[in-house]
Amino acid sequence: MVSFDARAILARLSALREADAPTHGGRVLSYVYDSGVPEIDALAAEAMRLVQPVNGLDPTTFTSVAVMEREVVGFARELLHGGDEVVGSVTSGGTESCLLAVKTARDVWRSAGGTGTPRLVAPVTVHAAFQKAAALFDLTLDLVPVDPQSGRLDASLLTARLGPDVALVVVSAPSYPYATLDPVEEVAAACEEAGVACHVDACIGGWILPFWRAADGAALPLWDFRVGGVTSVSADLHKYGYAPKGASVLLQRDRDRQRHQYFATTGWPGYPVVNSTLLGSKSAGALAASWAIVQALGARGFAGLAESCRRATRGLQDIVADIEGLRVVGDPTGPLLAVATDESVAPERRVDPHHWADRVRRRGWILQLQPGLTQPDGTHLPHTTHLTITPVTEARIDELEAALRGAAQEARGVPPVDREAVLASLPGDVGGTELDSATAAHILGSLGLAGGGTPGLPDDQAPLLALVEALPRPVAERLLVELLARAVEPPDA
Ligand SMILES: Cc1ncc(COP(=O)(O)O)c(C=O)c1O
């Protein structure tokens with residue numbers, strides 16, 4: 001007989017959870033999507049418990065998986081205006097949906113006679129998951145610059161790059177960094193004419209844009225399967241589907257295209273392997289939770305929550321526009337926005353968005369700092385601060401407004417972190433050589449970032465982001481890998 005003290009084990013977990021950033025209540029404006037409806041969370045938890053021992057690997061053995069997946073995909077297909085020719089899968093999240101969209105397109109391209117290394121063309125604002133996909137599946141990533149002021153893509157710049165070596169074009173609805181709704185109709189029409197696949201990454205927008213209207217109340221430009229040239233769409237259930245982490249939908253137009261998503265082999269002495277997604281054995285938990293939530297909320301429930309997000313987003317846009325020294329980037333579509341310095345005011349009246357975010361954090365609200373980026377054409381995208389708005393934001397918007405305004409007051413006139421000074425504070429020259437783990441840890445230690453145990457990020461993140469921007473990319477990426485790797489390593493003996 002196994003004997004254990006469940007209460008003590010769970011008490012420790014509860015204590016660990018106390019140290020987490022709050023997942024509910026709207027204080028963290030990224031990562032988490034609180035519907036504000038506790039009954040939805042309770043339903044999801046019970047659904048996950050019911051399928052806890054199930055293996056989602058084989059929907060012919062665990063038939064509940066087939067039924068739930070079919071029904072979730074059916075709901076998503078209707079929401080995104082797909083016809084009978086649109087089929088799909090539930091994946092473990094946005095990244096997996098994006099990876100599979102790329103793998104499918106590459107294999108379709110190859111089966112049509114493509115040889116060599118295909119290209120993946122997308123605006124610079126496309127989610128980093130596509131950088132990962134290009135690296136994993138061996139495509140050349142061809143990133144198209146966007147307008148540095150608005151973050152908007154000029155469709156003609158992208159469509160000029162179409163050619164027989166392009167396996168996939170990706171546009172976003174909307175993009176994560178600036179909430180830009182890419183010109184899907186123009187891009188997809190050109191793709192269709194050129195015979196190139198076009199994926200719409202609606203990971204963040206897929207479950208909320210169907211209920212969204214433009215600022216003037218007008219309907220949005222079309223971005224889903226109503227656009228003829230769109231061949232696939234990803235839409236995350238664990239974002240505005242309010243499901244626990246681990247669920248997204250990838251829809252593909254045309255069964256024959258979608259079959260390239262699968263991996264199948266009978267070429268080993270074990271059971272025949274047929275996987276629709278990247279994993280083998282997998283949990284059915286997030287699928288069951290998503291399935292239950294979709295039934296509980298239905299289109300009307302999602303619409304109501306979207307409406308609250310829309311009001312809160314408009315309110316926040318107005319608040320930021322009213323804060324001297326800050327500006328909202330471009331014309332965001334959906335419940336997210338990026339905030340940059342308003343360079344039209346005098347330097348002493350400007351607010352640096354990273355100093356602002358650090359000061360907002362001291363007031364108990366966590367915004368997300370985004371680094372600046374030099375685009376392939378040499379133009380520079382400024383660093384920004386990101387806010388993702390959820391249905392719980394609206395009820396607390398006055399409190400949040402006070403924090404945003406107070407923080408701006410404090411940060412106004414404070415110049416951005418001097419990147420050269422940050423670089424100079426590093427021990428020795430870190431740019432030239434490939435860093436080993438010990439050297440990387442030493443550098444992190446000198447910055448106060450990697451002690452023993454779980455590293456918290458520093459309270460002020462502006463210097464860290466300045467470092468990320470100032471260092472050569474491979475060095476910055478290597479240091480961040482070391483930081484995250486050391487966070488989960490057992491202590492040295
Ligand atoms: C547009 C977009 N695509 C892809 C992803 C990746 O999703 P995930 O973090 O679920 O892997 C995100 C995440 O924010 C996103 O906003």
- Determine the equivalent ellipsoid of the chain by diagonalising the alpha-carbon gyration tensor, then write out the semi-axes as square roots of 5 times the eigenvalues, largest first, rounded to whole Å. 34, 29, 26
- Expressed in angstrom and rounded, the centroid-to-centroid distance over alpha carbons for the stretch 358-412 and the stretch 234-290 is 34 Å
- Message: I need two numbers for the stretch 141-280: Rg to one decimal and Dmax as a whole number, Cα atoms only, in Å.
- Response: 17.1, 62
- Task: Find out how many positive minus negative residues lie around residue 465, taking Lys and Arg as positive, Asp and Glu as negative, among other residues whose Cβ is under 11 Å from that of residue 465.
- Result: -3
- Item | Average projection area in nm² (convex hull over Cα atoms of the stretch 1-159, one quarter of hull surface) | 16.2 nm²
- If each residue's Cβ is checked for other Cβ atoms within 10 Å, how do 72, 488 rank with the fewest at the top? 488, 72
- Positive minus negative residues near residue 412 (Lys, Arg vs Asp, Glu; Cβ under 13 Å): -1
- Query: How large is the charge dipole for the chain, taken about the Cα centre, if only the Cβ atoms of Lys, Arg (+1) and Asp, Glu (-1) carry charge, to the nearest 20 debye?
  - Reply: 860 debye
- Taking every C-alpha to C-alpha distance in the stretch 419-487 and binning by 5 Å from 0, the per-bin percentages run 3, 17, 31, 30, 14, 4, 0
- Note on the structure: If R0 = 45 Å, then residue 23 and residue 344, at their Cβ-Cβ distance, give a FRET efficiency to the nearest 0.05 of 0.75
- Note on the structure: Output ordering of 259-266, 50-57, 283-290 (per-residue mean of other Cβ within 10 Å, highest first) is 283-290, 50-57, 259-266
- Message: Quick check: Cα centre of the stretch 1-28 to Cα centre of the stretch 91-153, how many Å?
- Response: 38 Å
- Task: Please work out the Kirkwood hydrodynamic radius for the stretch 45-293, using every pair of different C-alpha atoms, and report it in angstroms with one decimal place.
- Result: 18.3 Å
- Message: Antiparallel versus total DSSP beta bridges in the chain: what percent is that, nearest 5?
- Response: 60 percent
- Sequence ranges 328-335, 120-127, 439-446, ranked by mean other-Cβ count within 10 angstrom, highest first: 120-127, 328-335, 439-446
- Query: Mind ordering 241-251, 24-34 by average Cβ neighbours within 10 Å, highest first?
  - Reply: 241-251, 24-34
- Message: Checking the cross-link filter: which lysines have an alpha carbon closer than 21 Å to that of residue 132, excluding same-chain neighbours under 8 positions apart?
- Response: 103, 239, 245
- Note on the structure: Cysteines of the chain without any disulfide-compatible partner (other Cys Cβ under 4.7 Å) are 98, 203, 309
- Could you give the radius of gyration (one decimal) and Dmax (whole number) of the Cα atoms in the stretch 358-493, in Å? 17.3, 51
- Query: In the stretch 45-293, with Lys and Arg counted as +1 and Asp and Glu as -1 at Cβ, which of these residues, 286, 237, 155, has the Cα nearest the positive end of the dipole, that is, farthest along it?
  - Reply: 286
- Positive minus negative residues near residue 442 (Lys, Arg vs Asp, Glu; Cβ under 11 Å): -2
- Multiply the residue gap between residue 6 and residue 192 by 0.36 nm, knock off their C-alpha separation, and tell me the result in nm, one decimal place. 61.2 nm
- Note on the structure: Checked against the positive end of the charge dipole of the chain (+1 on Cβ of Lys and Arg, -1 on Cβ of Asp and Glu, about the Cα centre), the farthest of 402, 91, 129 is 91
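None of the figures in this text is laboratory data; all of them are computed from the coordinates on show. Note that the structure is a prediction, hence the values are computed from the model and not measured. Neighbour counts run over all protein chains shown; Cβ positions are idealised from the backbone, glycine included.
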